1. Residues that are surrounded by fewer than 13 Cβ atoms within 10 Å (Cβ to Cβ), in a strand (DSSP E or B) and touching a strand residue (DSSP E or B) at 6+ places or on another chain (Cβ under 6 Å): does region 63-78 have at least one?
2. Condition first: without any contact (Cβ under 8 Å) to a residue 24 or more places away in the chain, touching a strand residue (DSSP E or B) at 6+ places or on another chain (Cβ under 8 Å) and either more than 21 Å from residue 47 (Cβ to Cβ) or in a strand (DSSP E or B) (or both). Can you find one or more residues in region 130-142 that meet it?
3. Could you tell me which of the residues 137, 109 is over 13 Å from residue 29 (Cα atoms), surrounded by 12 or more Cβ atoms within 10 Å (Cβ to Cβ), at pLDDT below 95 and over 14 Å from the mean Cα position of the chain (by Cα)?
4. Sort out which residues of region 148-165 are out of contact with any helix residue (DSSP H, G or I) (no Cβ under 8 Å at 6 or more places or on another chain), closer than 15 Å to residue 59 by Cα and touching a residue at least 40 places away in the same chain (Cβ under 8 Å), and write them in order of number.
5. Just checking, which of 64, 6, 32 is modelled with pLDDT of 95 or more and touching a helix residue (DSSP H, G or I) at 6+ places or on another chain (Cβ under 8 Å)?
6. Residues in region 82-103: is at least one in contact (Cβ under 8 Å) with a residue 24 or more places away in the chain, crowded, with 18+ Cβ neighbours inside 10 Å and closer than 18 Å to residue 29 by Cβ?
7. Kindly indicate whether residue 125 is under 20 Å from residue 64 (Cβ atoms) and under 15 Å from the mean Cα position of the chain (by Cα).
8. For residues that are part of a loop (DSSP other than H, G, I, E, B) and surrounded by 19 or more Cβ atoms within 10 Å (Cβ to Cβ), scanning just region 35-53, find the one that is modelled with the lowest pLDDT.
């Protein structure tokens, strides 16, 4: 699959060439773009851009990964990370490393957030693909029609070596 080129960005809309739309998904209120997949790196790592909006994008529940380390680089906005017993306020330019086996979650602290999610080794991008739909446009998805299918989420998490440790925080309206 050909990698897309970035053209323009605003806080609520990402505009890129057609090949990036082919690599983008709507997942839990986020626009995800698979910038680099494990297939392209010999399974060494994957890199996913995540664009979200507070109140629309669901904050993940406390969980831990058993197969990969996960890192976030905040490009725009502010995110609160809960890592083990630590709370990290990450603003644009912050890098947060989440080692496998350490419980963590995050919450959007600003209205809009754009960040990079690096997983090493690769494979976790399949979790996103299993729980998402292809993006119809390079915008945030429309609000969901109803609550997520928790059974499907738990089964998919288990298949990707992720243990869910708590319920997701309530979404803001």
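1. No, region 63-78 has no match at all.
2. The answer is no; no qualifying residue exists.
3. 137
4. Within region 148-165, 148, 165 meet the criteria.
5. Details: 64 fails: touching a helix residue (DSSP H, G or I) at 6+ places or on another chain (Cβ under 8 Å); 6 fails: modelled with pLDDT of 95 or more.
Just one listed residue meets the conditions, 32.
6. no
7. Values: under 20 Å from residue 64 (Cβ atoms): yes; under 15 Å from the mean Cα position of the chain (by Cα): yes.
When the stated conditions are applied, residue 125 passes them.
8. Narrowing region 35-53 to residues part of a loop (DSSP other than H, G, I, E, B): 37, 41-45.
Add one more test, that the residue is surrounded by 19 or more Cβ atoms within 10 Å (Cβ to Cβ), and what stays is 37, 45.
Working: 37: 88, 45: 93.
The residue in question is 37.
The values are calculated or read from the model by the stated rules, or taken from the named source; none is laboratory data. Since this is a predicted model, take the numbers as computed values, not measurements. Note that each Cβ is placed from the backbone with ideal geometry, even for glycine, and that neighbours are counted across all protein chains shown.
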